[in-house]
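The values are calculated or read from the model by the stated rules, or taken from the named source; none is laboratory data. Note that this is a predicted model, so its numbers are computed, not measured. Cβ atoms come from the backbone with ideal geometry, glycine included; neighbour counts cover every protein chain shown. Areas reflect the complete protein model, heavy atoms only, side chains present, ligands, DNA and RNA absent. Shrake-Rupley method; radii C 1.70, N 1.55, O 1.52, S 1.80 Å.
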Amino acid sequence: MPSTNNNNQTKTALVTGATGLLGRQVVRAFQGLSVPTELSSKTGWTWEVKGTGFSRADGVNVLKVDLEKEEEVERVLGDVSPQVLVHCAANRFPDKVDADPEGTRLLNVEATRTLARACASRGILLIYISTDYVFSGKPGEAPYEADAATGPTNLYGVTKLDGEKAVLEEFSKAGKEGLGVVMRVPVLYGKTEEGRNEESAVNVLLDAVFKAQEGKKVKMDHWALRFPANTEDVGRVCRDVAVKYLSTSEAERTSLPRILQFSGEEQYTKYEMCQLFAEILGLPVDNIEANTEGNDPNASVQRPYDCHLSTKALKDLGIDVSNQDFAAWWRRELRAFRH
């Protein structure tokens with residue numbers, strides 16, 4: 001069973017989905033490779049970090065684990081003995097979810113329940129990465145507080161909400177409510193693996209801009225409002241949440257919130273993001289057409305209009321909710337393309 005002694009200056013974190021867009025940055029944050037904050041510096045803790053993956057696991061820093069197999073989950077928790085597990089692994093693309101509903105439910109819900117049950121029995125803090133798509137996103141409802149009524153509009157949102165419920169239920173049944181935490185985030189962007197813009201629903205818009213230069217017309221959504229968050233910022237917040245909850249006494253921890261939310265604060269449509277990328281790259285946008293029609297009522301995946309998340313619960317905990325400047329980050333990232 002892992003040590004929960006808060007005086008121990010070395011802690012261990014385990015990150016599922018550690019080879020993915022977000023998981024890589026969560027690992028970096030716990031390794032101390034992201035900007036330190038007052039909260040993380042105050043404890044003086046150092047972190048040992050392991051990740052889990054599947055197809056891209058190296059067997060050393062990223063352990064190969066099939067999260068859908070309970071015995072493999074039990075084995076890795078026993079071998080690593082983490083104080084915190086950040087659960088990033090998920091099928092997170094709505095269209096792919098609809099194409100494989102059964103497989104998605106196994107990963108997004110059942111594997112999450114297995115992890116939650118195993119972590120709760122061992123007294124391990126679990127931070128479950130969820131999504132703003134648990135909300136309906138109807139005009140006029142946002143920003144959503146953490147305790148606002150949910151109402152997902154597509155299967156992806158449904159499975160992530162069911163994953164949230166699984167986490168909270170398992171920790172409640174074990175009498176460890178203060179150790180099961182939901183962290184909702186919006187659409188994410190950040191450093192992708194070489195040539196893998198499709199890892200992010202934001203980064204992949206670069207491919208649309210390049211495609212438009214080939215003379216092909218590209219229709220791009222100019223209806224739904226998005227508040228993209230950088231994966232480095234999300235990683236930092238996850239680390240600070242771990243520090244906050246693990247440094248709080250067991251008696252006081254039960255009064256901490258079970259559901260937290262982090263979000264970018266700059267509003268863009270996908271069309272506006274394409275405009276920004278083209279401007280940075282010095283490319284025309286003549287072939288990118290703004291689509292203001294909203295959801296096609298016949299489409300299987302219905303996307304919400306505005307799911308802007310309130311970060312009040314994090315602020316109340318004293319956690320830094322600042323964001324990198326979206327345009328400035330992309331100007332730095334795309335500098336190489338301009339030369």
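Quick one: with all protein chains in place, what share of the accessible area of the chain is carbon or sulfur, to the nearest percent (1.4 Å probe)?
48 percent
Where a Cα-Cα gap under 17 Å defines reach, which aspartates and glutamates qualify for residue 216, not counting those fewer than 8 residues away within the same chain?
207, 286, 289
Would you work out which of 174, 124, 209 lies farthest towards the positive end of the dipole of the stretch 111-267? Charges go on Cβ: Lys and Arg +1, Asp and Glu -1.
The residue sitting farthest along the positive end of the dipole is 174.
If you place +1 on the Cβ of every Lys and Arg, -1 on the Cβ of every Asp and Glu, and leave all else neutral, what size is the dipole of the stretch 1-102 about its Cα centre, to the nearest 20 Debye?
Dipole size: approximately 580 debye.
Out of residues 5 or more away from residue 131 or on other chains, whose amide H comes under 5 Å of its own, with H placed 1.01 Å from N in the peptide plane?
Sorted by chain and number, the residues that satisfy this are 185.
Hey, if you put +1 on the Cβ of every Lys and Arg and -1 on every Asp and Glu Cβ in the chain, which of 243, 220, 269 ends up farthest toward the positive end of that dipole?
Result: 243.
Size of the dipole of the chain about the Cα centre, Lys and Arg at +1 and Asp and Glu at -1 on the beta carbon, nothing else charged, in debye to 20?
My answer is approximately 640 debye.
Which value at 222 nm does the chain reach when only helices count, each DSSP H run of 4 or more adding -39,500 (n - 2.57), with the total divided by all residues and rounded to the nearest 500 deg cm²/dmol?
Numbers: 13 runs with 121 residues, N = 339.
Helix contribution divided over all residues of the chain: -10000 deg cm²/dmol.
So how much accessible area does residue 255 have, in Å² to the nearest 10, using a 1.4 Å probe?
Approximately 90 Å² of residue 255 is accessible to the 1.4 Å probe.
Can you give me the Cα centroid spacing of the stretch 143-191 and the stretch 221-255 in angstrom?
12 Å
Could you tell me which label, among (i) 190; (ii) 161; (iii) 136, carries the value of volume of the Cα convex hull per residue in Å³ calculated for this structure?
Derived directly from the coordinates: (iii).
What share of the DSSP beta bridges in the chain is antiparallel, in percent to the nearest 5? Don't jump to the answer; show the numbers that get you there.
Values: 1 of 36 bridges.
Here the antiparallel bridges make up roughly 5 percent for the chain.
Assigning unit charges at the beta carbon (Lys, Arg +1; Asp, Glu -1) and nothing else, what dipole magnitude in debye, to the nearest 20, does the stretch 157-251 show about its Cα centre?
Values: 15 positive and 16 negative charges, 58 e Å.
Charge dipole of the stretch 157-251: 280 debye, to the nearest 20.
Using Cα springs under 10 Å in a Gaussian network model of the chain, which residue among 116, 29, 57 shows the largest mean-square fluctuation?
57
What net charge is computed for the residues neighbouring residue 186, neighbours being all others with C-beta under 9 Å from the C-beta of residue 186, Lys and Arg scored +1, Asp and Glu -1?
Overall, the nearby charge balance is +1.
Just to be sure I understand: with springs between alpha-carbon atoms less than 10 Å apart, which residue in 260, 33, 161 has the highest mean-square fluctuation in the Gaussian network model of the chain?
33
Identify which of 242, 278, 146 has the largest mean-square fluctuation in a Gaussian network model of the chain, with springs joining Cα atoms closer than 10 Å.
Ranking 242, 278, 146 by mean-square fluctuation puts 278 first.
Which whole-number value in Å² is the accessible area per residue of the chain, probe 1.4 Å?
For the chain, the solvent-accessible area averages 44 Å² per residue.
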